[in-house]
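Worksheet: one structure, shown below.
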Amino acid sequence: ATLKDGLCSQVSAALKEGRVTPTELCQRCLALIKSTKFLNAYITVAEETALKQAEESEERYKRGQPLGILDGIPIAVKDNFNTAGIETTCASNMLKGYISPYNATVVQKLLDQGAVLLGKTNLDEFAMGSGSTDGVFGPVRNPWSYSKQYKEKSIPKSHSEDEESNWVITGGSSGGSAAAVSSFTCFAALGSDTGGSTRNPAAHCGVVGLKPTYGLISRHGLIPLVNSMDVPGILTRCVDDAAVLLGSLAGHDPKDSTTIQDDFKPFELPNLTDVSKLSIGIPKEYHAPGLSSEILALWSKAADLFKNAGAKVVEVSLPHTRYSIVCYHVLCTAEVASNMARFDGLEYGHRSDTKDSTESMYAATRREGFNDVVRGRILSGNYFLLKQNYEKYFVKAQKVRRLIANDFVKVFRSGVDLLLTPTTLSDAAPYTEFIQEDNRTRSAQDDILTQAANMAGLPAISVPTALSERGLPVGLQFIGRSFQEKQLLTVAKWFEKQVQFPMIQLEEVKRHDNGVFQHQKSASFS
């Protein structure tokens, strides 16, 4: 069956009708996790807990009292969300072995809806990176590296070199969650999005990545990177499922003062048939240096798709975009320096054995616990916050941030409903190529099209659009008005239906597939 109304609702219907039980579904996903272990998508697999949750779900279905559409649905969570009873590491030596005493609000909300938590997914250490290659547990491999589509297009120099050096990255920092959804090991996953960390891997792994409006979903229990930009992100295989998850997670949380005060009403996405009332903005500044000709062509093709369907497509300008990545770097490192101060070896996490003095214990703990990337960002951030630099860098960056946010306000006031942009500059890079450059250079390049939405606090979604000439996924991004997720998702769903992105053909997964995991077949758009 193609995804007429979302995978979650189809699986939920199958569970209600007894065509499959939550335990069978959970066991199948756990088997897939084992058979795709080489992807390194998961840090911790909570097999016992998951099977227990699946059994409880089964009992509820037998009584005819499921808790909702997510009851019995297997999900995964990025390893920077606190989970009671399951290790939370942030892919760092600093938190190896740390078990939180409480659940993050988003995790608790999913469990309250009956979702089955399979495990915690891999990431860049403390979510600092754009490749999911810098965590202490090793890099995540993109499932598309092992797809029929990619293998047919890539010609290895020698057979032995094929799979070992030809695999491509997932993007980051939520690469584990994107790979988990893309390889069918779960139906949805949580990521976090500070400068594009959900949308970037979603684009590279051929899944849907939603970054909601800042304040719509609680950050309580998400280990912070940049408090003023962090948002829990949603990764699913179709837009309808992203709407289902958003409905379960959004709303006020007394534990997070930055969440909205009003109640959030979950919505079902209508099937949009008429786009003639829509005005789609194409920001000219997003034709950024380094944008591949292939992605530029797809972006134009997508704009024509809207135009031909009757929508108004207009070029718009966001003049301060060119300053945004520098501004983001200053604000990001400054907040990182502040947030990382809590890891001192006293309360929780790693503690060095150095006993010379408290100061030397602090220093040794942080040297042993953090990798070079984290230490580098702490150093930069503290430099920007020095008394003599504070006004020059931090305050100036805050002012520029306001100008960037105002650019979006002006464009939306001019009558534009949504912005259409690329998500990434190119398709996924081979790992061997990606690691040639340092983390900071890569992050500056890879976040260029996504981080402005975080600085303005706007909702944005990456939708898989087509396969590149190399047989790898390419995504396009829609940026919406604040708290207008319904409009954003409705248009994204229409677009998804038009482009008919092809299903990944994974030989490893095919053996386990029995129809529950079917997706759209045709690739008419590329």
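The values are calculated or read from the model by the stated rules, or taken from the named source; none is laboratory data. These numbers come from a predicted model, not from an experiment. FYI the Cβ positions are ideal-geometry reconstructions off the backbone, even for glycines, and counts take in every protein chain you see. Accessible surface is based on the protein model in full, side chains and every heavy atom, while ligands, DNA and RNA are left aside. Shrake-Rupley method; radii C 1.70, N 1.55, O 1.52, S 1.80 Å.
Based on the Cα coordinates of the range 178-315, what is the per residue volume of their convex hull in Å³?
152 Å³
Give me the one-decimal nm value for the distance between modelled label points at Lys355 and Lys497, 7 Å along each residue's Cα-to-Cβ direction.
Label at Lys355, label at Lys497, 7.0 nm between them.
Restricting attention to the range 270-354, which trypsin sites (Lys or Arg not before Pro) occupy a DSSP loop and are surrounded by at most 12 other Cβ atoms within 10 Å?
Listed in order of number, the matching sites are Lys277.
Name the residues of the range 113-144 whose amide N is less than 16 Å from a point 7 angstrom out from the Cα of Arg63 along the C-beta direction?
Residues 113-115 fall inside that zone.
Mind checking Rg over Rh on the range 400-470, alpha carbons, Kirkwood formula for Rh?
Here Rg/Rh amounts to 1.05.
Return a whole-number percent for the relative contact order of the range 1-116, with Cα pairs under 8 Å and 6 or more residues apart as the contact set.
27 percent
In whole percent, how big is the carbon plus sulfur part of the accessible area of the chain, probe 1.4 Å, protein atoms only?
Heavy-atom surface of the chain belonging to carbon and sulfur, 1.4 Å probe: 51 percent.
Is the C-alpha gyration tensor of the chain telling us rounded, prolate or oblate? Criteria: a/c under 1.5 is rounded; beyond that, a/b larger than b/c is prolate, otherwise oblate.
The shape class here is rounded.
Taking only the alpha carbons of the range 164-205, what extent do you get along each of the three principal axes, in Å, biggest first?
For the range 164-205, the Cα extents along the three principal axes come out at 31, 23, 12 Å.
Using the Cα centre of the chain as the reference point, and only Cβ charges (+1 on K/R, -1 on D/E), how large is the resulting charge dipole? Debye, rounded to the nearest 20.
The calculated dipole for the chain is roughly 1040 debye.
Between Pro22, Ala178, Thr121, whose Cα lies farthest towards the positive end of the dipole of the chain when Lys and Arg beta carbons carry +1 and Asp and Glu beta carbons carry -1, centred on the Cα centre?
Of Pro22, Ala178, Thr121, it is Ala178.
Within the range 404-426, which residues have the backbone N less than 19 Å from the label spot 7 Å out from Ala288 along Cα→beta-carbon, could you tell me?
404-409, 419-426
Using Cα-Cα distances under 8 Å and only pairs 6 or more residues apart, what relative contact order does the range 76-157 have, in percent?
This gives 27 percent for the range 76-157.
What trypsin sites (Lys or Arg not before Pro) does the range 374-432 have in DSSP loop regions with at most 11 other beta carbons within 10 Å?
Lys387
Would you mind estimating how fast the range 31-190 diffuses translationally, via Stokes-Einstein at 10 °C and 1.306 mPa s with the Kirkwood radius over Cα pairs, in µm²/s?
It diffuses with D of about 97 µm²/s by this estimate.
Which whole-number percent gives the relative contact order of the chain, counting Cα pairs below 8 Å spaced six or more residues apart?
For the chain, the relative contact order is 18 percent.
Quickly estimate the mean residue ellipticity at 222 nm for the chain, helices only: each DSSP H run with n ≥ 4 gives -39500 (n - 2.57), and the total goes over all residues, rounded to 500.
Using -39500 (n - 2.57) per qualifying helix, the result is -11500 deg cm²/dmol.
Take the alpha carbon gyration tensor of the range 252-338, find the square roots of its eigenvalues, order them as a ≥ b ≥ c, and report rounded if a/c is under 1.5; if not, report prolate when a/b exceeds b/c, else oblate.
Because a/c hits 1.5 or more and a/b fails to exceed b/c, the range 252-338 counts as oblate.
Taking the Cα of Leu272, stepping 7 Å toward and past its beta carbon, and measuring to each backbone N in the range 294-315: which are under 15 Å?
Residues passing the 15 Å test: 302-314.
If you build the convex hull over the alpha carbons only and average its shadow over all orientations, what do you get for the range 12-76? Give it in nm² to one decimal.
4.3 nm²
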